[in-house]
Each structure stands twice: as structure tokens, then as C-alpha cells.
Amino acid sequence: MVNDPVVINDWHPVARSEDVQKGALLPVHLLEEDLVLWRSSDQLHACRDLCAHRGTRLSSGRVTDGTLICPYHGWAYNGEGQCVHIPAHPGQTIPKRAQVKTYHVQERYNLIWVALGEPKQDVPSFPEWDDPTYRKLLCGPYGAFDLCGLRAIENFLDVAHFPFIHEGILGDAAYPAIEDYGTTIEPDGVLSKGVSVYQPDPYGTGQGDVVAYTYRALRPFTAYLAKESEGTRFSILFCVTPHTALKSTLWMWMALNYDYETPAADLIAWQEKILNQDIPIIQAQRPQLLPLYAQTDLLLNSDRTLIVYRKWLQEMGLRFGTVSA
Ligand code: FES
Ligand code: CO
């Protein structure tokens, strides 16, 4: 397991709720740890994917009568990770050490979130989730990609690449200038307001206009953006599953309070097109990990959100995913 309390004591999305049906199990990899998610009658569980008997994977077993059964010799574990049945020794008292480590798990936004340690805060907030006026679409999971999740978050928070990487969609090469904007550290993370960029057709009218984004870094591996104009609002909750420092799965919840007609598949395909433009750029960055303490790159005013994001990460003492980790 990764040795960094910042990420260990944080919630991370690892699967969609529907990926673990009742009576089913799913292996997942989080922060270098092999886990198995499984669902008994109503309860969702996350435990180490390693049988206490002779170390095989529990995820190739099965769920029966509210227990997780190891495929090798049939030891049965309950939701607390305690072995409750050893078929080879039905009359013998079960040894205390016959247990597997369990982890905090909860479902939010139709995703399954796991914390390997003791979470210091709740799953990042996504207020649109409970607002029925918003249409919500899950884009992803995408990956797993060979890239650093912190680099992916920075890319998400970076508006100055729009005219180059997303020319004709999110930006126009004729308007690359980025006006200064303000960024602050709030109790719930980093906040940038009024991050404006010229877009060729932001409202589907065929007219170009300057649009303003609000960006938030809610956790090291979770970010958010919102774009507002004349009563319409578009937002994205962007989350990363850090399997390792350089292996990441990406998730996006898109929310909009307009356009209830365009087919979901079209809106998701549009988002995927943008993401596919970003991925090779992120993968090509050097160093691959975030140079959080090394200062190998040169950030300017147009990178204000990233400057403050890095300051915030430094203040929380993040090591995982960074060059000096
Ligand atoms: Fe799991 Fe033997 S290895 S029961
Ligand atoms: Co991009």
C-alpha cells in the first residue's frame, strides 16, 4: 500500500454502483492495494483481496449467504472481514487471525468510493446531484491510462490549452490570451472564478463569445468546473482513481440545466472527443509525476489555478504522485 496519509485518508471512486450487483464481487486496484468489492443482501463491502489462509485472491471466489467465500478451500468471511466458517475444520474454534482487512466504503453519485485509511472529510460535494433540474450524465470510466492523476487534474484545471488542444471546440487559436483571474484557497479547496476564454460557438448559435468558468480543486484527485450564462449552467465533477502514481482511471459527471433533448450518447461522445485530445499530451509530460517540490516547470499568471493548487497540495503535505515521492 502507498505510504502517504493524505491519499490513504481520502475517498476515491473505484467503480460504478451497478458494477457490483447483489451477490456479486469485483476486484479493484487502489493506491497499489488489491481490493475486492462485494455486496451481500443490502450491504456493500470492501476488503483486501487476499485470503488469510494461504494468500489466494478472494475476488475469484463467490458470495453466498452474506459471506465472501474463498475459491481455494472455502473459508467464508463476513462483512467485518472475520472468517466464520472453515470447511476443513467444521468443529474447530476459528483462529482470531483468520480475518481480512476491511475498508471504508460508500456509494455517492452512483459511484463506489473507498478510503483505505480514516477519511478526514466526506466525499467531495457535487450539489447538482440532488437538484432535479440538472440532467446528469456519467462519462467514463476512461482508462486505466499510464499517466499521473495529478497531471490529469492539472490539465482539467487549465484553461490556456483550449485554443491549442481543443481548437474549434473549446477555444480559437486567434484568441489565445488569458486575462488574469483570482484564485483562493477555501475550506473546501481551491477556487478560481471568472476564468474566461473565447470559444467559437459556446451556445450553439454559430456565434463566438467569451465564456467564464469557475474551477475548483476539491481534493488532490477531484476537481470541478462550472460554466454559466443567462440562466444555463454546465458543470463537471472530474475524479481520478489513482491505481498507482502512474496508472489512473478517469471519471466525469457532467450536469446541465438545459438541453434535455440531445441524446446522452452524443453529449458523452463530445466529452470523450475532448478527453482524447488531452490524454496524449498528459502522457507526454515530463516529469511524468507532478513536480510539486522540484519546480522544474515555469508557471505564469494564466496558470494561476495550478499555482494555487500546488501550494494547497504542498500545505497538506502530499507526497504521492509527486516527483520527490
Ligand atoms: Fe483461501 Fe485456503 S487460501 S481458503
Ligand atoms: Co483539455
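I need Lys193, Lys96 ordered by Cβ neighbour count within 10 Å, fewest first.
Lys96, Lys193
Near Arg233: Cβ cut-off under 12 Å, other residues only, Lys/Arg at +1 and Asp/Glu at -1. The net charge is -3. Translational diffusion of the chain, estimated by Stokes-Einstein from the Kirkwood radius over alpha carbon pairs at 37 °C in a medium of 0.692 mPa s, is 154 µm² per second. Taking a Cβ cut-off of under 13 Å around Ser248, the surrounding Lys, Arg, Asp and Glu residues balance to a net charge of -2, with basic ones at +1 and acidic ones at -1. The sum of -39500 (n - 2.57) across all DSSP H runs of n ≥ 4, divided by the residue count of the chain, sets its helix-only mean residue ellipticity at 222 nm to -4500 deg cm²/dmol.
Taken over region 140-200, the alpha-carbon convex hull comes to 117 cubic angstrom per residue. Extent of region 101-235 along its three principal axes (Cα atoms, max minus min coordinate, largest first): 56, 34, 30 Å. The residues packed around Val210, meaning those with a beta-carbon under 11 Å from its beta-carbon, carry a net charge of -3 if Lys and Arg are +1 and Asp and Glu are -1. With all pairs of different C-alpha atoms in the average, the Kirkwood value for the hydrodynamic radius of region 48-90 is 10.0 Å.
Per the Debye formula on identical point scatterers at the alpha carbon atoms of region 225-325, with no solvent, log10 I(q)/I(0) at q = 0.22 Å⁻¹ is -1.32.
Each residue of region 1-62 gets 94 Å³ once the volume of the Cα convex hull is shared out per residue.
Among the GluC sites (Glu not before Pro) found in region 80-162, those both in a DSSP coil and sparsely packed, with 12 or fewer other Cβ atoms within 10 Å of their Cβ, are Glu80. For region 19-144, the C-alpha radius of gyration divided by 2.2 N^0.38 Å, with N the number of residues, is 1.21. Summary of packing: across the peptides 305-311, 60-66, the per-residue average of other C-beta atoms within 10 Å ranks them, highest first, as 305-311, 60-66. Once the Cα atoms are used to define both axes, helix 304-315 deviates from the longest principal axis of the chain by about 30 degrees. Filter the trypsin sites (Lys or Arg not before Pro) in region 99-128 to those in DSSP coil with at most 12 other Cβ atoms within 10 Å of their Cβ, and list the result. Hits after loop and neighbour filter: Lys120.
So which aspartates and glutamates pass the test for Lys247, namely a Cα distance under 20 Å, with those fewer than 8 places away in the same chain ruled out? Filter leaves Asp4, Asp10, Glu32, Glu33, Asp34, Asp49, Asp146, Glu154, Glu272, Asp278. Cross-link partners for Lys136 among the aspartates and glutamates, with Cα-Cα distance under 15 Å and sequence neighbours closer than 8 places in the same chain left out: Glu128, Asp259, Glu261, Asp266. Would you mind checking the tilt of helix 264-284 against the longest principal axis of the Cα atoms of the chain, expressed as 0 to 90 degrees and rounded to 10? Orientation of helix 264-284: about 90 degrees from the principal axis. Listed by chain and number, the lysines whose C-alpha is less than 21 Å from the C-alpha of Lys193, apart from same-chain residues fewer than 8 away, are Lys227, Lys311.
How large is the Kirkwood hydrodynamic radius of region 161-314, counting all unique pairs of alpha carbons, in Å? Averaging 1/r across every pair of different Cα atoms and inverting gives 16.9 Å.
Read-outs: derived from the displayed coordinates by stated rules, not from any lab. Since this is a predicted model, take the numbers as computed values, not measurements. Methodologically, a virtual Cβ is constructed for each residue, glycine included, from the backbone with ideal geometry; neighbour enumeration extends over all protein chains shown.
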